[in-house]
Amino acid sequence: PPRPRVSIVFPYYDNPEMLRFQLETMSAYSAENLSRCEIVIVDDCSPSFPASEVVLASPFRQARVFRVKRDKPWNQDAARNIGAYEAEGQYLLLTDIDHVVPEQTLSALYEVDDQDGVYVLSRKAHFSEKIVPSHVNSYFMSRALYWQIGGYDEDFWGAYGSDRLFRQRLLRSRDVIELSDIRLELVTRGA
């Protein structure tokens, strides 16, 4: 099969309801869109609801699942790096498990042809029309650029949040461009 254009990378930790919702959303993608992307889920050693079991129980099984073997708190940066390493797509869409990628967003991202650009996407609250700012852990960029920037620093595990230095390295080397008309959907309480 041809190399996917976009790899959607999600870190995952014991959130089976959201993963099921993601898989249900992706199962409605057209065959053409599915043929141009891959879904990479990296389970950060979920003790209760491993991602692999959720995917196997789903009718949509077109996701590649990897699992971190050691349970370290707030280790999502390592999960992102593993996802970026294992991804086969020319471009990465890195986001959190509670950010759904609508099919029209995926279609629009296929049209981006910029190996040197770093993009963020605005977000629409899933249960309303409210538009919220882009997310600090959601980026679209070429896979090569991700590694040129250095990926996330995995020493930041153990604290809520993320490697702020990753964003600082991004901003030092590139302008971060917001694609305000291309949106993710935020699916959390209060959205």
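The values are calculated or read from the model by the stated rules, or taken from the named source; none is laboratory data. Because the structure is predicted, anything quoted here is derived from the model rather than measured. Here Cβ is always computed from backbone atoms with ideal geometry, including for glycine, and neighbour counts include all displayed protein chains. We work out accessible area using only protein heavy atoms, side chains counted, and drop any ligands, DNA or RNA first. Shrake-Rupley method; radii C 1.70, N 1.55, O 1.52, S 1.80 Å.
I'd like to check something: does the stretch 141-163 contain any residue that is acidic (Asp, Glu) and at pLDDT 80 or above?
Taking the stretch 141-163 first, the residues acidic (Asp, Glu) are 153-155, 163.
With at pLDDT 80 or above added as a condition, the list becomes none.
No.
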* Structure fact -> Pairs returned, first residue in the stretch 165-187 that is touching a residue at least 60 places away in the same chain (Cβ under 8 Å), second residue that is in a strand (DSSP E or B) and among the charged types (D, E, K, R), beta-carbon separation under 7 angstrom, 6 or more apart or interchain, are Arg183/Arg123; Arg183/Lys124; Leu184/Arg123; Glu185/Arg123; Glu185/Lys124; Leu186/Arg123
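Applying the selection to the stretch 1-21, what residues are open to solvent by 70 Å² or more (accessible area, probe 1.4 Å), among the basic types (Lys, Arg) and under 16 Å from the mean Cα position of the chain (by Cα)? Even if it seems obvious, please write down each step before you answer.
We begin by selecting, within the stretch 1-21, every residue open to solvent by 70 Å² or more (accessible area, probe 1.4 Å); these are 1-3, 13, 17, 20.
Among the residues that remain, those that are also among the basic types (Lys, Arg) are: 3, 20.
Selection gives Arg20 alone.
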* Going through the stretch 104-136 one residue at a time, which ones are closer than 27 Å to Asp44 by Cβ and either touching a residue at least 60 places away in the same chain (Cβ under 8 Å) or basic (Lys, Arg) (or both)? -> Thr105, Leu106, Leu109, Tyr119, Leu121, Ser122, Arg123, Lys124, Ala125, His126, Phe127
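Might you check whether a residue that is within 24 Å of Glu178 (Cα to Cα) and in contact with an Asp or Glu (Cβ under 7 Å, 6 or more places away or on another chain) occurs anywhere in the stretch 109-117? Talk me through it step by step, then tell me what you get.
Let us first name the residues in the stretch 109-117 that are within 24 Å of Glu178 (Cα to Cα), namely 109-117.
Next cut, in contact with an Asp or Glu (Cβ under 7 Å, 6 or more places away or on another chain) only: none.
So far as the stretch 109-117 goes, no, none of its residues is within 24 Å of Glu178 (Cα to Cα) and in contact with an Asp or Glu (Cβ under 7 Å, 6 or more places away or on another chain).
Residues that are open to solvent by 10 Å² or more (accessible area, probe 1.4 Å): find the strands (runs of 3 or more DSSP E) completely inside the stretch 22-100 holding 1 or more of those.
Values: elements: 37-43, 63-67, 91-94.
The qualifying strands (runs of 3 or more DSSP E) are 37-43, 63-67.
Inside the stretch 138-151, can you point out the residues that are over 14 Å from Arg183 (Cα atoms), open to solvent by less than 10 Å² (accessible area, probe 1.4 Å) and of a type outside the set (A, V, I, L, M, F, W, C)? Give the derivation first.
We begin by selecting, within the stretch 138-151, every residue over 14 Å from Arg183 (Cα atoms); these are 141-151.
Restricting the remaining residues to those that are open to solvent by less than 10 Å² (accessible area, probe 1.4 Å) gives 141-142, 145-146, 151.
Once the filter is applied, which keeps residues that are over 14 Å from Arg183 (Cα atoms), open to solvent by less than 10 Å² (accessible area, probe 1.4 Å) and of a type outside the set (A, V, I, L, M, F, W, C), the stretch 138-151 yields Ser142, Tyr146, Gly151.
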